[in-house]
Amino acid sequence: MKEYDKIIFELSRPGRKGYQLPADRFGSDAFSKLPADLLREKPAELPEVSELEVVRHYTNLSNKNFGVDTGFYPLGSCTMKYNPKINEEVAAMPEFAGLHPLQDPATAQGALELYWNLQNALASLAGLAEFTLNPYAGAHGELTGLMVMRQYHISRGDTKRTKVIVPDTAHGTNPASAMVAGLEVVEVKSKPNGSIDVEDLKPLLDDSVAGIMMTNPNTLGMFETEILEIAKLVHEAGGLLYYDGANLNPLLGKVRPGDMGFDIMHINLHKTFSTPHGGGGPGSGPVGVASHLTHLLPNPRVVKKEDGTFAVETSDDALGSISTFFGNFGVMMKAYAYILSLGRDGIREVGPMATLNANYIKESLRDLYKLPVEGPCKHEFVFDGLADKSTGVTTLNVAKRLLDFGFHAPTIYFPLLFHESMMIEPTETESRETLDEFIDVMRRVAREAAEDPDTVKAAPLTTPISHPDETGAAKNPILTYKALRDA
Ligand SMILES: *Cc1c(COP(=O)(O)O)cnc(C)c1O
């Protein structure tokens with residue numbers, strides 16, 4: 001192990017320092033003025049390192065990080081598109097970043113106007129009446145939207161409606177959010193192409209149904225062609241339609257969930273509207289609703305008054321608050337900058353380019369990888385592992401081998417419909433050359449699997465760690481240096 005790859009505690013040597021503070025800045029008796037029960041009994045165990053060691057340690061660590069800014073990141077379902085740097089500059093503007101959430105709205109008119117404009121832009125892209133930008137992430141938006149759904153039925157005295165229909169291919173957050181919202185999950189089957197089986201849906205639609213959660217294009221990247229029929233059936237049964245907007249990217253400016261019949265939806269600003277994500281960074285999951293539900297959106301809301309100024313309002317009809325203040329404002333600023341910089345025409349190119357890129361990869365690899373669903377996909381598609389199953393090389397092996405060639409792995413073993421799922425989403429921001437390079441490497445790995453399967457199974461050969469014990473790490477994580485030392 002190289003010296004600076006060690007844990008910062010291992011680099012520590014007693015007495016080394018990376019800082020200088022003015023002597024006696026707070027007076028020599030500073031500690032004696034603090035209450036005794038607030039003082040440490042012994043000094044904190046902090047690493048003792050020089051400034052140069054700190055710089056090298058963290059610079060080396062950051063170089064090991066993989067992101068959209070370092071390489072191709074075809075992680076299906078995650079829309080890892082390039083995040084233009086202008087968005088970051090806008091989000092860092094001190095006039096916005098320095099605002100305090102409790103200051104008088106009269107002194108924060110620009111921020112409120114941005115909130116208002118962004119929710120309007122999303123509403124017009126979605127074909128819905130109004131958005132709240134307050135939820136922190138997609139899953140949080142799902143929870144908010146399902147609470148709106150539940151409250152809608154309760155407020156009409158229709159208290160029997162406690163079931164939410166969720167397709168068997170749904171993202172795991174869908175059933176989880178339904179449970180947290182106090183609703184019961186009922187599964188509807190998918191057909192082999194991943195679309196909802198309408199014949200399986202019909203008998204589920206009774207007066208206990210609160211609604212259905214769907215995504216379109218579905219989890220296999222295919223457009224749900226029977227959506228109008230499904231919307232009619234669900235509405236006739238008294239239910240509402242919830243749209244999981246994580247797959248909105250291919251439809252931007254082309255097709256609107258509101259026009260398909262959806263009543264409620266969330267959008268992942270950190271996916272479709274370009275904010276760096278992964279590793280749990282800040283996200284934003286705005287929730288939009290049709291006009292019959294706007295009174296239920298959570299507090300606080302931004303309203304535009306007749307004199308053109310903006311105000312913050314709370315209402316008793318609303319769900320209450322689901323976040324502190326207005327959610328992750330910095331992410332909203334990036335999304336707003338992204339929308340304005342693309343403009344009306346640019347937004348309309350996003351979906352077709354994302355769709356073209358996905359189909360280009362799919363068609364270039366389908367002779368070597370098993371394509372379980374025929375036909376044009378939208379922004380992503382799923383392979384069921386290698387076409388030649390005799391090599392013993394699995395989807396996991398292929399995913400790990402890709403790391404040796406400098407690519408992030410696709411999403412693997414999701415959706416659960418197939419044993420060897422490999423979900424690929426290139427996004428619209430990649431060049432033809434990058435796609436060709438990825439295709440070449442995928443073809444090379446398929447060849448290797450046939451000729452030299454042991455190399456593929458041993459991969460990755462170039463990363464700092466190769467085959468971690470994932471189950472062990474999940475069940476018995478070692479999260480502190482002390483635990484590592486004692487282990
Ligand atoms: C990412 C994703 C979610 C959850 O969104 P988060 O922002 O990660 O909470 C929900 N549904 C689908 C289909 C997704 O891809």
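No lab work stands behind these numbers, since they all come straight from the coordinates. Just so we're clear, the structure is a prediction, and the values are computed from it rather than from any experiment. Every residue, glycine among them, receives a Cβ derived from its backbone with ideal geometry; neighbour counts consider all protein chains shown.
Odds and ends about this structure:
- For Val185, the residues whose amide H sits under 5 Å from its own are Val164, ignoring neighbours fewer than 5 places away on the same chain, with H placed 1.01 Å from N.
- Whole-number Å³ per residue for the convex hull built on Cα positions in segment 71-200: 187
- Relative to its residue count, segment 268-356 spans a Cα convex hull of 149 Å³ per residue.
- Ranked by the mean number of other Cβ atoms within 10 Å of their residues, highest first, the peptides 385-397, 281-293 come out as 281-293, 385-397.
- q = 0.15, 0.18, 0.22 Å⁻¹, segment 333-460: log10 I(q)/I(0) [Debye, one scatterer per Cα]: -0.71, -0.95, -1.29
- Taking trypsin sites (Lys or Arg not before Pro) across segment 182-270, the ones in a DSSP loop with at most 15 further Cβ atoms lying within 10 angstrom of their Cβ are Lys189, Lys254.
- Over segment 120-164: Kirkwood hydrodynamic radius from C-alpha pairwise inverse distances, Å: 12.0
- Bridge type composition, the chain - antiparallel percent by DSSP, nearest 5: 55
- The three principal axes of the Cα atoms in segment 153-252 give end-to-end lengths of 38, 26, 24 Å, sorted in falling order.
- Charge dipole of segment 117-223 about the Cα centre (unit charges at C-beta), most positive-ward option of Ala123, Leu220, Leu205: Ala123
- Per-pair calculated FRET efficiency, R0 = 51 Å: Val54 and Glu226 via Cβ, rounded to 0.05: 0.30
- Whole-Å semi-axes of segment 394-487's equivalent ellipsoid (Cα gyration tensor): 29, 16, 15
- Sparse-neighbourhood loop sites, trypsin sites (Lys or Arg not before Pro) in segment 21-61 - DSSP loop, at most 15 other Cβ within 10 angstrom: Arg25, Arg40
- Taken as Cα centroids, segment 3-38 and segment 141-157 sit 52 Å apart, rounded to the nearest whole angstrom.
- Total charge dipole magnitude, segment 363-487, about the Cα centre, Cβ charges on Lys, Arg, Asp, Glu only, Debye to nearest 20: 520
- The trypsin sites (Lys or Arg not before Pro) of segment 277-381 that meet both conditions, a loop assignment by DSSP and at most 10 other Cβ atoms within 10 Å of the site Cβ, are Lys305.
- Sites counted here are GluC sites (Glu not before Pro) in a DSSP loop (not H, G, I, E or B) having no more than 11 other Cβ atoms within 10 Å; the longest part of the chain that contains none of them is 46-305.
- Where Rh is the Kirkwood radius over Cα pairs, Rg/Rh for segment 16-149: 1.11
- Farthest toward positive dipole pole in segment 1-88 [+1 Lys/Arg, -1 Asp/Glu at C-beta], among Tyr58, Gly15, Ala36: Tyr58
- Shape box of segment 84-152 [Cα atoms, principal axes, largest first, Å]: 39, 31, 21
- Centroid-to-centroid separation of segment 79-106 and segment 454-469 [C-alpha atoms, Å]: 40
- Inter-part distance, segment 423-453 to segment 326-346, computed on C-alpha centroids, equals 32 Å.
- Per-residue ellipticity at 222 nm, computed for the chain from helices alone with -39500 (n - 2.57) per DSSP H run of at least four residues, works out to -11000 deg cm²/dmol.
- Rg then Dmax, both in Å and based on the Cα atoms of segment 215-295: 13.6, 42.
- Under DSSP loop assignment and at most 10 Cβ neighbours within 10 Å, longest chymotrypsin sites (Phe, Trp or Tyr not before Pro)-free interval of the chain: 27-487
- With 0.36 nm allotted per residue and the present C-alpha distance subtracted, the Lys33-Val186 stretch has 48.9 nm of extension available.
- Reciprocal of mean inverse Cα separation for the chain (Kirkwood radius, Å): 25.3
- Cross-link pairs beyond the 26 Å C-alpha cut-off, checked among Lys64/Lys370; Lys189/Lys457; Lys254/Lys334; Lys17/Lys482; Lys202/Lys389: Lys64/Lys370; Lys189/Lys457; Lys202/Lys389
- When +1 charges are put on Lys and Arg Cβ atoms and -1 charges on Asp and Glu Cβ atoms, the dipole computed for the chain relative to its Cα centre reaches about 700 debye.
- When the charge dipole of segment 282-382 is built from unit charges on Cβ atoms (+1 for Lys and Arg, -1 for Asp and Glu) and taken about the Cα centre, the candidate among Phe326, Tyr360, Cys377 whose Cα reaches farthest toward its positive end is Tyr360.
- Dipole magnitude (debye, nearest 20) for segment 160-304, charges at Cβ of Lys, Arg, Asp, Glu: 620
- Zero-based 5 Å bins, Cα pair distances in segment 167-325, whole percents: 1, 8, 15, 20, 20, 16, 10, 6, 3, 1, 0, 0
- Note that segment 459-470 has calculated 3J(HN,Hα) couplings of 5, x, 9, 10, 9, x, 10, 10, 10, x, 7, 5 Hz, one per residue in order, obtained from phi through the Karplus relation 6.51 cos²θ - 1.76 cosθ + 1.60 (θ = phi - 60°); glycine and proline are x.
- Scanning the chain for DSSP H helices at least 27 Å long along the axis (C-alpha atoms) with a Kyte-Doolittle mean no lower than -0.5 picks out 329-365.
- Overall dimensions of segment 265-308 by Cα: Rg and Dmax, Å: 14.1, 43
- Of all DSSP beta bridges in segment 191-292, antiparallel share, percent nearest 5: 30
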